Amino acid sequence: PLNSRISSGWNGCYQAIYQVNNVLETVERQPESPLRTTILGEAHYFRGYLYHLLVTRWGGVPIVMSATMKKLPRNSEEEVWDFIESELEQAGRFLDGGIEPVDCYFVSKNAVTALQARVKLERGKKKEAMALAEELIINGRYVLDDFEKIFRGQTNTEVIFSFSCLKEESNITLSTLFYTYAHPNKGSYIYVPAEEVMNMYETSDKRKDISVTNIKTDPCINKYPSGQTGTDPVIVSRLAEMYLVSAEAQGLEKGLHRLNELREKRGLKAVRPQTEDEFLKCILDERRKEFLAEGFRYYDLIRTGRAKSDLDLLDNQLRLPIPGKELILNPNLTPNPGY
């Protein structure tokens, strides 16, 4: 509970939620216009996204719907999930009547659909998840693209929404977390890939060199190459996730072709699992390789019941601890069990 990375993650989400609530309260007072409609859609999207970050790490958390400093108690996990779905539904309605985004660095109706597909899958609403994912796969606007384009700032047909950190607005340098100071662009080397991660890509896998590299003798994640010299976009949604959402939601018999279509694009042979359990393992292995260092793995293993066996976690480690400072400042908060 006293770890600084625990508190910074929690505080970052709630600071952003405060900003979003402030935007909503301000814009709702403005006269009707396409710009007002667009901003409301974007704000509801971000509020849903931020609560998704919170619920998948801490479980039930306080739902704050105004720019308030009130010390609120925790809502239940189910209430937070319901709130996320409600926010995304509102976002979709507003963005339907808003300004058409010029590129993937603006929130679009498709970005809402992609996040809805993720949430539906995580809640076990597989038919809805499949329908939303397939909507994006077959609408023709997005196509699986070369992996290096996605993570090297090149124009591509795969990214649905990417959050771009502009230097004049932010000092967020995601990439500095992954590189050593020996890298030409420098880095603080907070997250070091395990040996099994460095060895999990097949030679033919087109994701390998973009995903991992060695800086002298140090293994590094290689997706965010700016280091301390610039900022890399935070990719929130892309088409590859929709292929894997659709595959997992449909199950072995109907979903295998989506998994193998993605594998073929990444330079790999088709897999032929024989049981649903084998199929889910193939899905999770593919997600691990596809989304390395994108923030999926921990919750993927939790939601599928594999975190304790695969990561050797204790029961209480299926949730992060509520930051100790927050428990002191807000007597209405309760700690997660085991901390």
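The values are calculated or read from the model by the stated rules, or taken from the named source; none is laboratory data. These numbers were taken from a predicted model, which means no experiment stands behind them. Reconstructed Cβ throughout: ideal geometry from the backbone, glycine too, with neighbour counts over all protein chains shown. Accessible surface areas use protein heavy atoms only, side chains included; no ligands, DNA or RNA. Shrake-Rupley method; radii C 1.70, N 1.55, O 1.52, S 1.80 Å.
Brief remarks follow.
- The selection criterion, being in a helix (DSSP H, G or I) and open to solvent by less than 70 Å² (accessible area, probe 1.4 Å), does not hold for residue 144.
- Residue 84, sole failed condition from (1) of a type outside the set (Gly, Ala, Ser); (2) open to solvent by less than 50 Å² (accessible area, probe 1.4 Å); (3) out of contact with any Phe, Trp or Tyr (no Cβ under 6 Å at 6 or more places or on another chain); (4) assigned to a helix (DSSP H, G or I): (3)
- Condition check for residue 225: within 29 Å of residue 16 (Cα to Cα) and either assigned to a loop (DSSP other than H, G, I, E, B) or modelled with pLDDT of 90 or more (or both): yes
- Of note, residue 122 satisfies the criterion of being of a type in the set (Asp, Glu), modelled with pLDDT of 95 or more and either under 27 Å from residue 327 (Cα atoms) or surrounded by 16 or more Cβ atoms within 10 Å (Cβ to Cβ) (or both).
Residue-wise test of (1) in contact with a Lys or Arg (Cβ under 7 Å, 6 or more places away or on another chain); (2) touching a residue at least 24 places away in the same chain (Cβ under 8 Å); (3) surrounded by 22 or more Cβ atoms within 10 Å (Cβ to Cβ); (4) not β-branched (Val, Ile, Thr).
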{"position": "204", "(1), (2), (3), (4)": "no, yes, no, yes"}
{"position": "216", "(1), (2), (3), (4)": "no, yes, no, yes"}
{"position": "222", "(1), (2), (3), (4)": "no, yes, yes, yes"}
{"position": "233", "(1), (2), (3), (4)": "no, yes, no, yes"}
{"position": "240", "(1), (2), (3), (4)": "no, yes, yes, yes"}
{"position": "243", "(1), (2), (3), (4)": "yes, yes, yes, yes"}
{"position": "246", "(1), (2), (3), (4)": "yes, yes, yes, yes"}
{"position": "252", "(1), (2), (3), (4)": "no, yes, no, yes"}
{"position": "261", "(1), (2), (3), (4)": "no, yes, no, yes"}
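- Out of 7, 66, sole residue that is in a helix (DSSP H, G or I) and of a type outside the set (D, E, K, R): 7
- Of all residue pairs spaced 6 or more apart or on separate chains, those with beta-carbon atoms under 8 Å, a first member in the range 1-13 that is more than 18 Å from residue 317 (Cβ to Cβ) and a second member that is part of a loop (DSSP other than H, G, I, E, B) are 11/323.
- Residue match in the range 130-140 (condition: assigned to a helix (DSSP H, G or I), modelled with pLDDT of 95 or more and of a type in the set (Gly, Ala, Ser)): yes
- Some residue of the range 96-104 being among the small types (Gly, Ala, Ser) and either open to solvent by 30 Å² or more (accessible area, probe 1.4 Å) or modelled with pLDDT under 95 (or both): yes
- The range 282-333, subset acidic (Asp, Glu) and part of a loop (DSSP other than H, G, I, E, B), residue farthest from residue 6 (Cα to Cα): 312
- Some residue of the range 27-38 being open to solvent by less than 20 Å² (accessible area, probe 1.4 Å) and not β-branched (Val, Ile, Thr): no
- When each of 297, 272 is tested for being open to solvent by 60 Å² or more (accessible area, probe 1.4 Å), within 18 Å of residue 196 (Cβ to Cβ) and modelled with pLDDT of 95 or more, the lone residue that passes is 297.
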